[in-house]
Structures are given as C-alpha cells and as structure tokens.
1. If we sort B:505-516, B:353-364 on the protection proxy, mean other Cβ atoms within 10 Å, highest first, what's the order?
2. Using only Cα atoms, what is the ratio of the radius of gyration of the range A:382-521 to 2.2 N^0.38 Å?
3. Compute, for A:Arg279, the solvent-accessible surface of its heavy atoms (probe 1.4 Å) with the complete set of protein chains present, and express it in square angstrom to the nearest 10.
4. Lys and Arg at +1, Asp and Glu at -1: add these up for the other residues within a Cβ distance under 10 Å of B:Phe202 and post the number.
5. Considering only protein heavy atoms and a probe of 1.4 Å, how much of the accessible area of the range B:247-379 is carbon and sulfur, as a whole percent?
6. Is there a simple number for the mean count of other chain Cβ atoms within 10 Å of the Cβ of residues in B:640-647, and what is it?
7. Could you please put B:His691, B:His393 in sequence from largest to smallest accessible area, using a 1.4 Å probe?
8. Give the Debye-formula value of log10 I(q)/I(0) at each listed q (0.10 Å⁻¹), with one equal scatterer per alpha carbon of the range B:263-384, two decimals each.
Protein chains: 2
Amino acid sequence: ATGADNDLYINQAVVFIEDAIQYRSINHRVDSKSLWLYRWYYSRICQWILSLTITVILALAFVETPSSLTVTSDVRYRHPPWEPPCGLTESIELLCFLVFVVDVSVKSYLIGWEEFCKTKWLMAYILTLIVSLADWVVSLSFFCTETVRIRRILRPFFLLQNSSMMKKTLKSINSTLPEMASVVLLLAVHLSLFTMFAMLLFARTKDGQQDKEWVGYFRNLPDSLTSLLVLLTTANNPDVMIPAYSKNRAYSIFFILFTVLGNLFLMNLLTAIIYNQFRGYLLKSVQSSLFRRRLGIRAAFEVLSSLEETPANAQELFVNVGDLFQVLQKVEMDSRCKQAIIRSLKISSCDRLSAAQFQKLFEELDKEAIKQHPHSPEYRSHFMQKLQFVFGHSYFGYLGNVVALANIISICVVLVMDADKQPSERDDFFLGAINCFFILYYLLEMLLKILAMGLKRYWSYPSNRFDGLLTGILLILEIATFAVYGFPHPGWRPEFMGLLSLWDMVRLVNMLIVFRFLRIIPNMKFMALVVTTLLDLVKNLRAFAGILLVVFYAFAITGIMLFKGAVVPMGNIRPSLQQVVLLTSKKKCDFLALLNHFQAIIIYHLCYLLSFNLICRWAKIYFIAWWLISSVIWVNLFVALLLENFIHKWDRHCHREPLSDIEYQRTVELMFRDVLEEPTEEELMERLHQHPHLHLCR
Amino acid sequence: ATGADNDLYINQAVVFIEDAIQYRSINHRVDSKSLWLYRWYYSRICQWILSLTITVILALAFVETPSSLTVTSDVRYRHPPWEPPCGLTESIELLCFLVFVVDVSVKSYLIGWEEFCKTKWLMAYILTLIVSLADWVVSLSFFCTETVRIRRILRPFFLLQNSSMMKKTLKSINSTLPEMASVVLLLAVHLSLFTMFAMLLFARTKDGQQDKEWVGYFRNLPDSLTSLLVLLTTANNPDVMIPAYSKNRAYSIFFILFTVLGNLFLMNLLTAIIYNQFRGYLLKSVQSSLFRRRLGIRAAFEVLSSLEETPANAQELFVNVGDLFQVLQKVEMDSRCKQAIIRSLKISSCDRLSAAQFQKLFEELDKEAIKQHPHSPEYRSHFMQKLQFVFGHSYFGYLGNVVALANIISICVVLVMDADKQPSERDDFFLGAINCFFILYYLLEMLLKILAMGLKRYWSYPSNRFDGLLTGILLILEIATFAVYGFPHPGWRPEFMGLLSLWDMVRLVNMLIVFRFLRIIPNMKFMALVVTTLLDLVKNLRAFAGILLVVFYAFAITGIMLFKGAVVPMGNIRPSLQQVVLLTSKKKCDFLALLNHFQAIIIYHLCYLLSFNLICRWAKIYFIAWWLISSVIWVNLFVALLLENFIHKWDRHCHREPLSDIEYQRTVELMFRDVLEEPTEEELMERLHQHPHLHLCR
C-alpha cells in the first residue's frame, strides 16, 4: 500500500465511523474526492443551510398573497394583510430551489448511478424540482396573477425527503394502508346500509307534522349520508335523533345500533389494527439503526485491516492500533466518547485489534451517558454544616412545594372573591402584598438551596433550573412593578403607566406562579413516570409530527386554493353562526388554527351554513378527507405509539428501582436494549460485499 | 367401605365432575343430604327461577310509579303512564325477596360456616336483603307515598352477586382503580391549573366589548371549570375559543395546549393504562377456569379411589372402571362428551385407571366440537348430477350476491328519484314490480340450493339459514301484499287497507332486502374476520355488559330520585331547546335511552338550560360522574378488550389456514389453548387438602 492509498484508507475509515455514529447508510462513493465532498455535504454548516432553506420555503406561505397572518381572525375588524410586491417571494423561492438543485446533484453523485436508479425518493425529488421551476417560470410570466400555484402544494415534499426517519415512518404507514382501507371500506358499507335503512324508516309521510326527522336530516341521499357520517363523529349526537325519538321511543334503537356498531366497534377496530401493525415499529426501526452502526464500524475495520501486511493464509484480519489513533483524531464525534475509546485503547496496550475487539471498542457509542451531579461544597464550620444538612434535606424541598401550593390557593381565593367585581372596584393590594411575600420566600429558598448544594450542584438539576429561572423572572417583574407603581398599600389602584397596567403585571406574576407550581411533578412518582413517558413520546413522535405537518401544509394550501373568496363578511346571519363562518374561513387560510379542530364538528356547521351554496359539495369532501386523515388515522397512530411506549416504560419501571443521584439520558435505543439482536458477522460481511463502490480484497 | 359409603362416594364424584364441567368451586359440603341439596340448587329449574326473579325485580322499574315507559318521549303529547295500585309491585317485590332469602340461606349452608366468614359477597348479599326488607316495610307503612326508596338503588346488586364472571371482572376492575385514580388525579390537576390560567388570562376588562370570552365561559370558578371540562370532551370545541380567537389569534395557543395535553395525552394515557392492566385479564380468567376444572376432576378421582381396596404401601391410587361407569350415568353433561368418554373408556379396556389416565379421559371436555356438515344427496341421474354441480358451486352463491346487490342499487335509485316527490305523487308500481321479480329469484335460488345440497346440508350453514328465513318472510309479505292490494300495474296507488298501507309494506320489504344483503359478509375474508372478532368480543363482554347494566340501573334510579319533577313542560323556550330538556328529562327516567349518550354533550346542554336553577349543581356532579364512568372508563375498558381479542385473533388468523368444511366452535378457552399452563399435581393436591369439608385419607 502506497502513501496515497494509506491516506485514502484512513479517510474511508473516518467516513465509515462517522456514518456509524450518525446511523447513515455506507453505500456511497469512496474515492478521495467523493469522500471530501461527502464530509463537506454532511458537515454541520451544509446541513444547517439545507434545513434553513426548507424552513424558509415552508414559511413563505405566511407572507404570500392569500395569507391572513393578522392579529385578529375576525374578517370584520382586521386590517388587510401586507401584500409583498411581485418578485419578492418569488426570488426567495428561486434561491431555495437553487439550493435544492445543488443538494440533489451532490446526493445523486455521491451514491452513484446504480444506486440512484434504485432510489425512488431522489427521482421524485428531481421531478418535484422540475415541476416547481416550471411553475415558477409560469408564475413570473403572468406577473404573479395566475390563480393556481402547484408548487405550493409540492413544498412539503422538500421537508419529507430530507428526513430519513420520516421516510421510514411513511413506509410503515404505507404498509398498514391495506388493513386501514379494509376498515374504512367496512365503515363505508356500514354507513351506506344504514343510510338506506334510515331513508326507508324516516320517509316522507302525508301528515306534515309527523316527518320532522325527514325534513331535518334525511331529506335525500346526500343529506342522509351526511347526517349519519356526522353521527359517526358524535358531533350531532342527541340532536339527530330527537324528532324521531319524541315520536316513538323505539326509533332510538336504530341510532343506538348505528352508534354502537360504527363508533364503538368499527372505530376502535381501527385503533386495534393500527396498534397491531405498529407494535413492532419502534423495535424494528431501532434494530435497523443498530445494523447500520455495526456495518459502518465493520467497514472501517475492513479498510483499515487492508493497511496491514497479512500473510495470505491468515484466518483473521487485524488492525494496527496506530492507524486507529490516526482515524480517531480525524473523526468528528462526541468528545466524551472519543476520550473513552482512546482511554480503553491505551489500557488494553496491544498492538493489533481483531474484528471483535474493534467492534467492542466502539460499543462505547451505545452506552448511556451517566450524568453525575457535582458534589456539594464541604463546609468546615459546624454551623454551616448544620445549615447545609437542613436546607439540603428533601423536606426543605417539600416545604417549598407546600408554600407554592399555599400561594396557588391564595390566588384562587382572590380570583373567586373578585369574580363578580367591576374592574374599577378591584383592590390589588391584597394580592400584591401576598405575592410580594411569597416571591421573597422563593428567593430565600433559592439562595438557601444554593448555599447548601453549591451553585454547580444546584444548577445541575433540571427542576432547580426551572425553579431558579422562574424565581428570577418573578423577582424582576416584582421589582419593575414596585419601581413603576410604588409599594402596595390599601386602596392600591394606580392608573395605567408604562408598558403594562398594574393589573396586567399582577396577572402575569400570578400566571408565572401557577406555572412554577409544576415543580411538584418530579416529587410525585406516578406523575414523574407519566411526564417522562410523554417526553419520550415527543422524541419518538418527531417523524410523525413531521408527516402531520406535511399533511397540514398540503391541506391548508389546497383549502386556500379551493375556498379563496368563498366566505365574505355577512351581516344578516345571527352572530354565533357568523362566528362559525368566520372561524371556518380562517381555518382554511391559517393552518396553525387547524391544529385544535380534529373534531369533524366543523363539517356539520359549514355544510349547514353553506347548504345552498355550490361550494358545499367540495367543502364536504375536503373536510371529510381532512377528518379521516387527521382525526381518524393520525389520532389512532398516536394512540398506538403511546400504548407501545407506555407499556415498555411501565414494564421497565416495575422492574428496576430508580437510582437517586444518577440520571439516565433516555433514548429509544436504550429502551429496547434487552430485546435487540446483534447482527451476525455473516450478515455484515454479506452486506459489505454488496457495497457498490467498496471492493474488499477478500 | 359399606354400601352407604359407596353411594356417598359415587355421589361426591358425580358432583365434583359436574363442578368441573361448570367451572364451579368444589369448596362445599359433601355429606349425602348436602349433596342432594347442592344438585337441586344447581339444577336447571332452580337456577332458571333465580334468573327469572332477578329479571322480574329489575324490570319492576319500568312499571313503578315514576316510570315513563310510553310510546312518545315528548312530555307535551304523551298520555300519563299507567300507575299500578299501591301493593301490587310491592307484593311482587316481596316474593322476589323471599326467593333471595331462600337462595342466600341455601348458599350459606352449602359452603359452611368457615367459608361463609371468608365470603364477603354473601355477607353483602344478606345485608342488602335486610336493608331492602326494612325499606319495604317502611314503604308499606307509608302506603307507598314515601319519597326515597333505597331498595331500588340496591336492586342491581342481586344481578351482580349471581354471576361469578361479573364478580371476577369487578375484582379486576378494582385492581386497576389505583392507576386509573392516578390518571384522573392528573386530569384534575391539569384541569385546575388550566382553569386558574384561564381565569387570569380571560379576566374582566374595563372595556365591555373586549371581554366576551369572560362573559361567555369564564365568569367565575365553576363556570371556568365547566367550560374546560366540557372542552375535554370536545363537546364545545370550536365555540369556547371563538371570542378569544377573534380578538387575538395567539389565544388559540392556550386552547391548543389544553386540548393536546388533556385530550390527546392524558385521555389516551388512560386507555394505555387500562389496556396494560387488562392485557393478561382474559388469559388469567381462562387459566383459573382450567384450574377449577382440573381440580374437580382430581377430587372425583380421589373420592372414587377410596372405593378401591389399595395396599397401604401402594405408591399410586387407582379407580375402578365400573365405578366410573356408575358415576358417568349419573352425571348431567353434554351427551356428545359423555358418549365420547364412554367410547374411549371401552376402547382402552383396562380395569383400573390411574390419576393421569382419569384426567386424560376427561380432556374430552376441553376439546372443540368439530361440526361436520351433512353430505349432499347423491343423485343417480346424470342430468341431476350436472344440476347439482352447477347450483352447488360457489359461483352460484356469488351470482346470488350480485343479484342482491343489483336489488339494493335499484332500491337506492328509486329512493333518490322519489326523494322530493309528494307522497301522493309517488307511484309504487316500479318498485313493486322489481321487488316481485327479485323475490322470485331469491325463492328460486333457495330451492335450487336445497336441490343441490339437500335440505339438511343447506340448513346446517348459518348463512343459508339467514338467507332462507329472510326469503320466507319476504315471500309471505309479498303474497300478503298481492292478496290485499292486487298485482302491481302502472299507476298502482291503492288506498289504505288492512293493517299496513301498501307504502309501509313496500318499505318493510325493502328494509328486509337491505338486511338480507348482509349475507355477503362470509364471502369477504376481512369482513368475516372482523365479524367473528366482534361476535367473540360480545361473548367475552357479557360480564362487562352486566356491570354496565348495574351501573346504568343505579344511575337511572338515582337520576329519577334526584330530578323528579325538576323538568316540566315549558311553553316559553324555543322548541329545539325544549326538546333537549325533554330528552334530558327522559334520560333520567328511562335508562335504555341513556345508552347512546356517552358523550357528555348533555352536561353542557343541561347546565346551560338549568343554570339559573338550584338543581344545576347536583345535575352537574351527577352528569360528570356519569360521563367519567360510562364514557371514560367503560369505553376504555371496551377498547382494551377489543385490542386484546383482536390481536390474539389476528395472530391466529395469520398462522393457520381456515379449513373449508369444518366449523370450529370458538371459545375463549380455545383461543388461549397454546399458552395455557396445566396445573401440576402438587398444586392440585395442596388445594384438595385445603378443602374445608372433604377429608382425604392421604
């Protein structure tokens, strides 16, 4: 092996180890220039630029023309939003597209032609870019007056293709689609049979008084379908059956049967199916990550071993420790891990490493970082030691919780007492004085704790950080209040001054105090378990949240295009209904507001209001699709993941006693460590020999 | 052993085997007279009388004074319900109580004093009876005019204590209560913190225009709590945030946070916890049933073996086959099983049976009954054979499905066309002619199938039974129509005649045709799986349904007592609201109608209407308790069971290929057969030695 070859091998090993650390695929070009490009492409700055570009192109929707990002959502009061001049957002868009073009070309080059043909995601990426650029040209040639902009709906694709987790999750969801489709088909059959039944049951009669049910809900086929579909979401639950029920109680049997079968059985069946499909999802994904890591390490070993002069008949390959040191110095990785590896390498003090030893060395990567809190300061004075014992004791923390509870209760009492008072009658003295006292106590508590534990140890606990930060903010607010409005005294009702009125200041302080009360969470065992489960869930849900964001974005943009100008301020409708119209019109333009409307109640309201409007049919289909995807499928996915996470967590929680002073950095990998299977040597070598660019000697 | 002893032992063995068959406990007295009493008590007629008594006492609520079992539920139109004279329902009640007194005395005597002291259920039973009888005496001494009848709320207890499955399930639910309570506590903390936040956020302002949110939803502490609690059920989802949202979009963050945390996380956490707790529930219950069966058989073996003269030093005990024959003749059991056991006993042809052989003999009880359909008739004529091939082929069944679909579609088309016609314009000729043709086809199909398969084979398939019955009813209806109204011809619009008008007849026929379309279910694989899962679920859910019934009953009776006379017909409220009042008033009096109101929407409506009424506070608490129990806990239990059942089923479905001609009688026992553990001999013997009345020689 020549010197250049040596350098190449070292660089290959470096890149493979970095791949292993980041759980990346190793199927990329491995010549010197490509390796340089590869490391550059995956460098922090490049990836950061790419993420920024994606964020910018997605955020453009908030400033582009039909956006409605104003403070109020009421069409009657709000000012017309700022309209950017033609060419401004378009030129930002072009910049983003150029970045994406560079991204896709580098990516395609790095994996090589053979792999490129297999990667449908990359081809879709290129196609999306071409369509977007063509649409952009059309847009500019019409001077931004064209009505349909396809490229907007395509935008979330850029987010999707950039995350391997999201692509994996999408594949998983895709594989459950057949079963979900079966249940949805079943639901459709259920719905249509019951619709026919309902139309026969609640037919028009000769007596006009008797057919209220027919007039209200089952006038014709679309009406009947809608009524029962909305009943499936329980949004019109008692209303739909009242006319029939007050005619004859026996009619309720029909509605009970429909609800029990549809809502209780079929809807929950969907949950069961999705849970059943996703039971192994997390485990499988962690397992494949582990395989990628082991494969990267093994590939590094193989290329490093070819540096060694091995006898042709040798059964085992070895790696020189010196080469490994060289590689380790070049690898970008967590410094704690790197030092641990170098340390254990020095301790073992052998010249050559076998494949197993090499693999074992890098197991440091899988280990959980054990976080040891710094020690408390050791005081010499006997008095100080006693103080330290008293204020470092957990009972002092409990006392703090009790005081916080007392504060909450006092605020609650004042709120109840002041509930019906006019703002001008309100006396802020009592609350001001109380809060002043409590905030002083909080400050004292913080200082005493710092005294007992030392600043470093105090700060190393998340609960203390939370506590300290809030206490600091409260103190600043209180000082600001006193500076502006003076000290509280009876009849303390100063006029408005400065940025916030006194009342607003007091409210803000109270809210922060309520928020600070959350510090009790770690002290309650079950609460702590629930909260850590939820935090874990949030980590595991990132991919799902991303996909949801993609769906949201596509729906919001489609909604804007479909219903542009469909809703205008109306004066002749009762206020409450008008507000619904306003809300639904907002809903289409402001996709953030959609978040809290997974309930399909809105289909009902909208279609009730727009029932004489041509647009209603489209709105119905749009909202039914939205309900199916966001409410039915996504919520069920969420439940499935929560079940999976919680059950694992619960099992672990019951088995082991939590250690008091050591905090584990929880990761999904660790949750499943006991059940993960290590890949065998044969599997690794087989995969290595399939590598399109790396040609091993053996 | 004397002759009397011999008879005693034989009788003991008979009773133990019957215990094993019925999965009953064997801890009862075993002397001759007690055995006779025991068999009499568990005889079909006695148990039937007991069930009847329970049904009667529960059904009394429908005819007792505050009942409202009338056709219409509308207070304005309905006739006053029939009021039974004082003493009528009371004497029926007394009869029921006497039966219960007999029941409890026999039960207590049979298990003996020692066991009685351990059985809290029996003591509660006695206490309930004493309280009920005392209440009954009070009732009569007031001539039925007393206001509160405690015994009515206690009635469902009689149902509860009579079913061992329900008692077991209740125990299970009881053991999940601590975790459920934790989550409910968490929900309460969540709710109260957010309520305080909301009250601070949406406080009263000096500008009357700005505090719509305060006026509408957060006026004081109870109002705020209610608003947010109802938001947790999503019943007031968009409405509650609209005033704030139209003031400033940022307020929606508060509602989004509340909904996501409360509704998405905490509510689903409840599902996860209940599922986690109930994962093993079915398995455990089946396992304990298996233990009871093995124990009963073993006890029978032990008493029979003491009939044999065994050498004192013999290691193994044996049972004489002759004795066993004697026992088998006396045992009441499924005749198929009995014959199978006798057959295998004759085949083995040995004189004495060891414990293992004895146990093995009775494993016939666990076996699934394999149902073999009778064979088709064998025709000699070549033509008949061909006919048989054609009409016995599955494609002929598919053709029938296609025809049924065509019929459904034709009905649908007619319904859509007739949707807006006046009843007087409607021409029933078209539908009449079409249905006539289709019903003739159905008749023909049935006859041809009977020809091809033979009557016995045809009738042995459930789908054919369903088909045949409906075809028969349709035929009768059609003939009746023609007999009364003559054959259809254009302009066929006869006047009303006989019981039903022609239009009602046609509607009934159409409904039956829609119902008959369900015969396609077994032909669709996924649908069949879902339907069998649901049927299994219904079997396993009987205990849960019973407990739900108990809760319903108690709530309904409490509701009647609490709100008696609270709602009267009002003329000055808008009709829609009045209907809600009517519905809610009915809801309290008619517990069947409660079934389809698990949604808490009603809390909202009721409290909105009664908000100036003193009764509102109580109504709120009543309905919140109802919502928690029926909607939150019961629905989650249901989901947990469905998940459990479905996942087991799904796994089995994927593993084995269904056999075409053999139908398995599905039972829970069989579902878990692969994972059940056989109890060891030591466990059985230890339990036998703990028997309070049976004293084994060894």
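The values are calculated or read from the model by the stated rules, or taken from the named source; none is laboratory data. Bear in mind that the values here come from a model prediction, so they are computed numbers and not experimental data. Ideal geometry is used to build each Cβ from the backbone, glycine not excepted, and the neighbour counts take in all protein chains shown. Calculation scope for accessible area: heavy atoms of the full protein, side chains included, ligands and nucleic acids excluded. Shrake-Rupley method; radii C 1.70, N 1.55, O 1.52, S 1.80 Å.
1. B:505-516, B:353-364
2. The value comes to 1.16.
3. Counting only protein heavy atoms, A:Arg279 exposes about 90 Å² to solvent.
4. The answer is +2.
5. Answer for the range B:247-379 is 52 percent, counting heavy atoms of protein chains only.
6. Mean shielding count: 4.
7. Putting B:His691, B:His393 in descending order of accessible area: B:His393, B:His691.
8. Per q value, in the given order, log10 I(q)/I(0) is -0.55.
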